[in-house]
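Below: one structure, written as structure tokens.
Please treat every number below as a calculation from the coordinates, not as lab data. What you are looking at is a predicted structure, and each value in this text was computed from that prediction instead of being measured. Virtual Cβ from ideal backbone geometry, glycine too; neighbours counted across all protein chains shown.
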Amino acid sequence: MRQSIVVSLLGAILAVASCPAGAVEEPKPAQELRPSVDATPEPAKPDASPPSSGTAPAAVDNPPAAAAPPAAAAPPDPSSSGIDPNRFGERLPDNVFGAYQRGEYLTAYRLALPRAQAGDPAAMTLVAEIYARGLGVPKNEEEAAAWYQKASDAGVSEAQFQYALLLIDGRLVKRDDKRARELMQAAADAGNRLAQFNLAQIIIDREPGPAGQLKAVEYYMKAAESGLADAQYAVAQIYANGMGGVTEDLPEARKWLLMAARQNFDTAQVDLASWLVEGKGGPRDLKAGFGWMRRAALGGNVAAQNRLAKLYVEGLGVDPDMIEGAAWYIRARRAGLVDYYMEDVMNGLTDEEKKQAIERANRLR
């Protein structure tokens, strides 16, 4: 089933750091990005895991596994050992939930279907999810929509959230924005963090102005406090800009950026890296900034790849390396980003250096 974040957050709240294809010029390194006289950059050292204080994550040669977007409508991977047994509403019998948790989806379906047909809301939700994702049975979006509707009517917050998305999409069921808002509100108030985030998005979209921002911030905060990376990034932007009744607080914003970055939210990693290099919202830490930028670049963020190139060229948080910097810029340029500062750097390379940079870029993964 096609599932996605409901609406894009208005630019006044979220400044997206990812780069679209096309000619885009990123600014030259600002003066404050250059190391001070007594700041001697050192190469980032590998670390086993991202430290708790916001220092750089491990600088590894293989990119970290990309996390699924936390605010996507799709439920968590059932193969994960951390599945909440109450996510389907009332707790399912252990044999049903256990089969689902172990990845025995066909068995879970066979055990849950009679219960769903008998009116068990939790079983309805499980059957809907199995159909929606094609787990052990052929994917059937229409059946999934029907079961989500039944479970939603029974008051299961996960089903309310999923059915609200279907009502907004209007592809499998008749579009009904009013009913979708009601269900999203109900699911959010029941504690569903995805619903809380998406409700905040809806409010921002449909209630522009201070009153809407104030209302939306409440739900962003709830979703962020429950650990949703998208919401944590949104809260970071709220504190950074002082919006929705929240006073500007850069240290607090940096704290939320770090939380989202640790969950592999690449836009937060890019912003956090820049803040660490600049000393924004806390102490300047060039090595940590380099480490987070490299992590985002390895994960495929094009803006991060370009900015990492500049860090290598300028020797910020790492020993200066024109070839490595040029290689990362080549990667970003192949994705459609054009940066005039880095173009000048490329023009200053010898033919042999350009050849080395291209060869290095071809090996970057």
Report the rotationally averaged projected area of segment 161-254 based on its alpha-carbon convex hull, in square nanometres. 5.8
Cα to Cα, under 19 Å, and not fewer than 8 places away if on the same chain: which lysines meet these conditions relative to Lys222? Lys255
Exceeding the 23 Å Cα-Cα cut-off - candidates Lys280/Lys354; Lys178/Lys215; Lys310/Lys354: Lys280/Lys354
With θ set to phi - 60°, apply the Karplus curve 6.51 cos²θ - 1.76 cosθ + 1.60 along segment 189-205 and write out the HN-Hα couplings as whole Hz, x wherever there is a Gly or Pro. 5, 7, x, 6, 6, 5, 5, 4, 5, 5, 5, 4, 4, 4, 4, 4, 6
Around Lys215, under 11 Å between beta carbons, what's the net of Lys plus Arg minus Asp minus Glu among the other residues? -1
Taking r as the C-beta separation of Asp249 and Asp319 and R0 as 35 Å, the FRET efficiency to the nearest 0.05 is 0.50
In terms of the charge dipole of segment 290-365, which places +1 on Lys and Arg and -1 on Asp and Glu at the beta carbon, the residue among Ala327, Tyr340, Met293 farthest towards the positive end is Met293
Magnitude of the Cβ-charge dipole of segment 122-214, K/R +1 and D/E -1, about the Cα centre, nearest 20 debye? 80
Any chance you could tell me what percent of the C-alpha pair distances in segment 276-347 go past 21 Å? 21
Which of the lysines could a cross-linker span from Lys174 if the Cα-Cα distance has to be under 26 Å and same-chain partners fewer than 8 positions apart are dropped? Lys139, Lys150
Residues in segment 309-332, backbone N under 13 Å from the label point at Leu349 (7 Å along the Cα-to-beta-carbon vector): list them, ranges by number please. 309-310, 312-313, 321-332
Based on the alpha-carbon gyration tensor of segment 124-175 and its eigenvalue square roots a ≥ b ≥ c, which shape applies: rounded if a/c is under 1.5, prolate if not and a/b is larger than b/c, or oblate? oblate
